[in-house]
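Colleague: So that we are looking at the same thing, I have put the structure below in structure tokens.
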2 protein chains.
Amino acid sequence: MLENFASLLSENGVLDDDRPIVVGLSGGPDSLCLFDLCCRIGLEVVAAYFDHSLRPESTAELQAVEKLAADYNKLFVSSRGDVRKFAREQGMSVEEAARILRYEFLFSQAGKANAQAVAVGHHADDQVESILMHFIRGSGLAGLRGMPVRQIPNQWSTEIALLRPLLGFWREEILSYCKDRNLSPLEDQTNRELIYWRNRIRLELIPLLESYNPKIKQVVWRMSRSLSSDFAWIEDQVNQEWKDYLRWTGPGYVSFLAEALGQLPLAVQRRLVIRGITSIRRNARDIDFEMVERVIQAFKSPPATRQMDIGLGIRLFWEGELVWLAAWEAELPALDKPQFPRSLSEPVILSIPGFFDLGNGWRITACEIPIETALRTLPENDDPYQVWLGFKEIPGALIIRVRKPGDRFRPFGLGGHSKKLADYFINTKLPPRFREGWPLVCLGDEVLWVPGYTINDLYRLSGAVSHALSLTLTQIKADL
Amino acid sequence: MLENFASLLSENGVLDDDRPIVVGLSGGPDSLCLFDLCCRIGLEVVAAYFDHSLRPESTAELQAVEKLAADYNKLFVSSRGDVRKFAREQGMSVEEAARILRYEFLFSQAGKANAQAVAVGHHADDQVESILMHFIRGSGLAGLRGMPVRQIPNQWSTEIALLRPLLGFWREEILSYCKDRNLSPLEDQTNRELIYWRNRIRLELIPLLESYNPKIKQVVWRMSRSLSSDFAWIEDQVNQEWKDYLRWTGPGYVSFLAEALGQLPLAVQRRLVIRGITSIRRNARDIDFEMVERVIQAFKSPPATRQMDIGLGIRLFWEGELVWLAAWEAELPALDKPQFPRSLSEPVILSIPGFFDLGNGWRITACEIPIETALRTLPENDDPYQVWLGFKEIPGALIIRVRKPGDRFRPFGLGGHSKKLADYFINTKLPPRFREGWPLVCLGDEVLWVPGYTINDLYRLSGAVSHALSLTLTQIKADL
């Protein structure tokens with residue numbers, strides 16, 4: 001067993017790294033065996049005990065474990081957390097709360113000790129039981145593959161690995177190892193709810209399954225190995241797809257290229273959606289299969305409203321070439337659209353000649369140009385980002401502001417008809433959330449130019465005017 | 001139900017194809033419901049009944065089903081097979097034998113009717129039960145995903161699809177459909193062994209699982225949908241890898257690029273190995289996990305002998321850049337190596353000038369060349385496929401043959417030492433199986449030239465000889 005254990009740690013790179021390893025030591029047979037093995041192969045071990053405050057005996061246990069670490073001449077660290085209180089506060093099960101507090105403690109200790117890994121004592125029976133529990137609760141590949149031997153548990157650390165080096169050994173082997181080595185395990189300190197579930201699986205379900213196939217435990221264990229390699233392969237590829245198809249991500253939102261996403265294999269779409277949802281709601285575990293299906297279905301045929309609530313306070317919506325998943329409360333990014341600065345509550349003056357920087361590299365510039373030049377080149381110019389207006393007299397200054405309720409103007413080319421600005425925007429493809437902050441160039445209250453779209457027909461350049469004003473909206477990319 | 005059924009068939013392209021569909025009709029509720037639904041949506045249905053000869057009532061059932069098809073005004077075909085006898089002959093379970101004979105019948109009828117598909121009545125409960133059975137027996141993704149709705153069952157047909165359009169409906173729904181439609185199902189004609197197993201799952205296992213999670217059936221059904229999309233994605237990619245890394249395939253063997261294979265993700269290696277094994281032993285189902293693991297392990301560190309028996313009468317061996325999986329009895333391809341024709345049992349004469357075609361485009365040519373030319377260009381020529389030998393007198397003819405026990409010669413550059421040909425070959429990298437048929441150019445019994453390797457030092461070209469003989473081995477590729 002020592003040999004297999006050493007070669008497994010070696011395969012996982014543990015023996016090549018001389019930083020210490022934090023071993024979660026409850027004093028039960030599994031963690032005791034793990035601790036003993038780690039010490040025997042010469043690792044620099046830090047024994048870490050977490051008191052869940054779930055049972056009165058725990059103080060005596062802490063002392064016993066501390067003495068044990070001292071006997072081995074190893075560093076010992078411990079902490080105590082009120083699991084029941086935390087569970088109540090967070091509205092989670094005691095089992096879940098215990099798990100979170102315990103791993104938080106182990107990884108904070110690992111950080112302090114500059115450890116390469118945290119090792120815990122899950123064994124092959126735990127693996128089989130946990131897979132059966134996943135099976136019963138409903139799970140995809142991620143749950144059916146079981147616990148990995150080595151994992152970077154992003155929730156606790158992005159650098160320190162979580163190791164389960166006993167996953168290849170059965171409970172029986174561990175108990176007889178303890179006996180052979182004269183180790184005296186304490187009673188396992190696990191909370192009752194977990195014991196209740198595990199016991200039902202262990203005493204009812206597994207014996208029934210064994211009556212069908214006496215080797216059921218080996219069979220499930222092997223299944224987990226085979227599904228693990230499938231899972232690892234898929235994850236590698238999904239990591240790549242995530243990079244390739246994700247466009248924007250930030251607090252509470254992600255967006256993808258809608259068309260490309262819809263053409264990916266179903267398995268990839270499902271996973272990208274799940275990643276998107278978990279990046280928005282980090283504590284959402286076991287995301288509902290039906291929710292994901294609804295999203296995938298909507299990729300195929302988006303609703304007429306181009307927006308839907310998918311649950312968990314998340315909306316799905318389409319914007320141009322992008323499809324977004326976003327928390328309702330999230331503030332979405334401005335992308336590369338010109339927007340009047342949110343920090344300003346009042347309109348700003350645009351001198352002539354002069355310019356105003358909107359932020360994000362966008363600049364509006366105004367200057368007079370010779371009327372002859374303007375008239376000569378006008379027919380060639382249909383760029384809505386660079387327009388020329390005609391005046392009898394050049395105004396002293398213009399105003400830049402966002403839209404106001406009741407704004408109207410006469411869009412160029414509509415025969416001089418006046419239109420509500422709000423209605424005009426509806427006919428553009430500009431996503432609604434950008435209309436609010438869209439910069440408008442005005443003379444007094446009158447909208448002269450909707451940059452990027454059109455000018456006011458009253459100010460079109462013609463032989464009837466004597467002065468020409470050039471207005472441009474340009475973006476200087478920050479990274480150029 | 002009719003609507004969901006129609007849209008499912010439409011998604012699977014069935015309604016766009018006006019060829020008939022063969023429905024496996026046992027007369028039980030599932031197949032009856034399926035038959036009725038197919039008729040109602042206007043498909044051209046052929047009702048097909050297979051009598052397993054397992055129960056005395058089957059003749060009466062056949063008549064009842066025939067009458068039913070007549071009532072619907074549909075074509076009816078039937079056949080009878082002795083399942084017990086076939087099972088005995090093939091050494092398989094009655095269940096497996098029944099399955100094989102039934103599908104053989106259905107697909108042969110589908111071929112005759114130029115049908116687009118064979119439809120069978122598996123429903124959601126069957127799906128859950130079959131996944132649980134796979135789980136118990138041990139299975140990877142392929143089994144846990146359950147039965148696909150649509151599949152090209154290569155074993156029976158590479159063109160006609162096998163459809164299971166009821167997989168989305170529960171037994172309850174089917175029974176109440178039959179009731180609503182006034183359909184009177186016969187008792188399901190299934191063999192007892194299968195009933196025994198299914199009943200244990202249905203009456204023992206599922207109720208126990210439901211006591212943990214009342215929605216267990218829905219959970220398993222959803223799991224199968226999610227794993228199906230994973231499986232489909234992986235299969236697509238493995239199809240591609242199979243094309244990319246497979247080098248040779250034929251009756252009883254496959255070979256891959258050894259180095260490239262070893263660098264593929266574990267999940268892909270596993271699947272390529274399984275495909276390789278099933279392509280060699282077509283009837284091997286449920287290939288042993290441990291066997292596959294042994295092969296993968298050997299890719300990492302090949303045994304010193306470069307060959308191992310992996311079970312099922314298959315050996316794994318390495319040859320140059322290739323790794324082979326081959327039945328021990330398989331005749332391996334000659335690749336592009338020159339080999340003396342197997343069809344010839346005697347040596348052949350090589351005239352001077354003259355040539356001999358070995359087959360596969362390989363040709364050995366002999367002709368005299370002026371001694372001055374030969375001596376002048378000799379130092380530049382170190383191509384073992386084109387050699388010049390020196391003679392006091394040009395022999396009348398040479399002989400081409402394969403090696404004989406006891407062959408010895410003096411390899412060029414070894415200071416004139418005589419060596420056993422067998423030992424010489426061992427030092428080359430020529431795979432052993434090509435040594436047997438390697439062509440040798442001889443004068444009488446004496447080996448003059450081992451084409452591609454070296455000449456006999458006694459016949460080296462030098463100032464002491466007066467005649468030069470040019471020998472070449474060339475390959476004209478058939479496709480050029």
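Colleague: Can you pull out every residue in segment B:270-285 that is more than 23 Å from B:GLU331 (Cα to Cα) and within 11 Å of another protein chain (Cβ to nearest Cβ)? Break it down stepwise before answering.
Modeller: Of segment B:270-285, the ones more than 23 Å from B:GLU331 (Cα to Cα) are B:270-271, B:285.
Scanning segment B:270-285 gives B:ARG270, B:ARG271.
Colleague: Scan segment B:253-269 for residues that are within 14 Å of chain A (Cβ to nearest Cβ) and exposed (fewer than 15 other Cβ atoms within 10 Å of the Cβ) and jot them down.
Modeller: B:GLN263
Colleague: Given the structure, is B:ARG403 under 24 Å from B:ARG306 (Cβ atoms) and in contact with a helix residue (DSSP H, G or I) (Cβ under 6 Å, 6 or more places away or on another chain)?
Modeller: Values: under 24 Å from B:ARG306 (Cβ atoms): yes; in contact with a helix residue (DSSP H, G or I) (Cβ under 6 Å, 6 or more places away or on another chain): yes.
For B:ARG403, the condition - under 24 Å from B:ARG306 (Cβ atoms) and in contact with a helix residue (DSSP H, G or I) (Cβ under 6 Å, 6 or more places away or on another chain) - is met.
Conditions (1) farther than 15 Å from A:TRP449 by Cα; (2) touching a helix residue (DSSP H, G or I) at 6+ places or on another chain (Cβ under 6 Å); (3) not in a strand (DSSP E or B), marked per residue:
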{"site": "A:GLU368", "(1), (2), (3)": "yes, no, no"}
{"site": "A:GLU372", "(1), (2), (3)": "yes, no, yes"}
{"site": "A:ARG376", "(1), (2), (3)": "yes, no, yes"}
{"site": "A:VAL387", "(1), (2), (3)": "no, no, no"}
{"site": "A:PRO395", "(1), (2), (3)": "no, no, yes"}
{"site": "A:LEU398", "(1), (2), (3)": "no, no, no"}
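Colleague: Another question, if that's okay. Can you tell me which of (1) within 14 Å of another protein chain (Cβ to nearest Cβ); (2) in contact with a Phe, Trp or Tyr (Cβ under 6 Å, 6 or more places away or on another chain); (3) not aromatic (Phe, Trp, Tyr) is the one A:SER226 doesn't meet?
Modeller: All conditions are met except number (2).
Colleague: Might you check whether a residue that is surrounded by fewer than 15 Cβ atoms within 10 Å (Cβ to Cβ) and on the phi > 0 side of the Ramachandran plot occurs anywhere in segment A:52-71?
Modeller: no
Colleague: Would you pick out the residues in segment A:201-223 that are within 8 Å of chain B (Cβ to nearest Cβ) and of a type in the set (Ser, Thr, Tyr)?
Modeller: Listed by number, the list holds a single entry, A:TYR212.
Colleague: Looking only at segment B:419-427, decide whether some residue is outside any helix (DSSP H, G or I), aliphatic (A, V, I, L, M) and surrounded by 13 or more Cβ atoms within 10 Å (Cβ to Cβ).
Modeller: The answer is no, given that none of the residues of segment B:419-427 is outside any helix (DSSP H, G or I), aliphatic (A, V, I, L, M) and surrounded by 13 or more Cβ atoms within 10 Å (Cβ to Cβ).
Colleague: Mind checking which residues of segment B:201-232 are surrounded by 17 or more Cβ atoms within 10 Å (Cβ to Cβ) and more than 28 Å from the chain's Cα centre (by Cα)?
Modeller: Start the filter on segment B:201-232 by keeping residues that are surrounded by 17 or more Cβ atoms within 10 Å (Cβ to Cβ), which leaves B:201, B:205-206, B:209, B:212, B:216-217, B:219-231.
Scanning segment B:201-232 gives B:ILE201, B:LEU205, B:ILE206, B:LEU209, B:TYR212, B:ILE216, B:LYS217, B:VAL219, B:VAL220, B:TRP221, B:ARG222, B:MET223.
Colleague: Just need a number here: residues in segment B:102-135 that are assigned to a helix (DSSP H, G or I), in contact (Cβ under 8 Å) with a residue 40 or more places away in the chain and either of a type in the set (Phe, Trp, Tyr) or in contact with a helix residue (DSSP H, G or I) (Cβ under 7 Å, 6 or more places away or on another chain) (or both).
Modeller: Total meeting the criteria: 11.
Colleague: Any residue that is surrounded by 15 or more Cβ atoms within 10 Å (Cβ to Cβ), out of contact with any helix residue (DSSP H, G or I) (no Cβ under 6 Å at 6 or more places or on another chain) and either more than 14 Å from every other protein chain (Cβ to nearest Cβ) or not in a strand (DSSP E or B) (or both) - is there at least one of those in segment B:233-241?
Modeller: yes
Colleague: Further, regarding this structure: Confirm whether A:ILE152 is over 20 Å from A:TYR196 (Cβ atoms), touching a Ser or Thr at 6+ places or on another chain (Cβ under 8 Å) and β-branched (Val, Ile, Thr). Steps first, please.
Modeller: Numbers: over 20 Å from A:TYR196 (Cβ atoms): yes; touching a Ser or Thr at 6+ places or on another chain (Cβ under 8 Å): yes; β-branched (Val, Ile, Thr): yes.
Yes, satisfied.
Colleague: Continuing with the same structure: With the requirement that a residue be in a loop (DSSP other than H, G, I, E, B) and within 14 Å of another protein chain (Cβ to nearest Cβ), what does segment A:289-320 give you?
Modeller: Hit for segment A:289-320 is A:SER301, nothing else.
Colleague: Further, regarding this structure: What strands (runs of 3 or more DSSP E) lie completely within segment A:16-101 and have 3 or more residues being aliphatic (A, V, I, L, M)?
Modeller: Filter on segment A:16-101 gives A:21-24, A:45-51.
Colleague: If you don't mind, there's one more thing I want to ask. Output the residues belonging to segment B:321-332 that are in a loop (DSSP other than H, G, I, E, B) and either modelled with pLDDT of 90 or more or loosely packed, with under 14 Cβ neighbours inside 10 Å (or both).
Modeller: B:GLU321, B:TRP328, B:GLU329, B:GLU331 - these are the residues of segment B:321-332 that are in a loop (DSSP other than H, G, I, E, B) and either modelled with pLDDT of 90 or more or loosely packed, with under 14 Cβ neighbours inside 10 Å (or both).
The values are calculated or read from the model by the stated rules, or taken from the named source; none is laboratory data. Note that this is a predicted model, so its numbers are computed, not measured. Cβ: placed from backbone, ideal geometry, glycine included. Neighbour counts: every protein chain shown.
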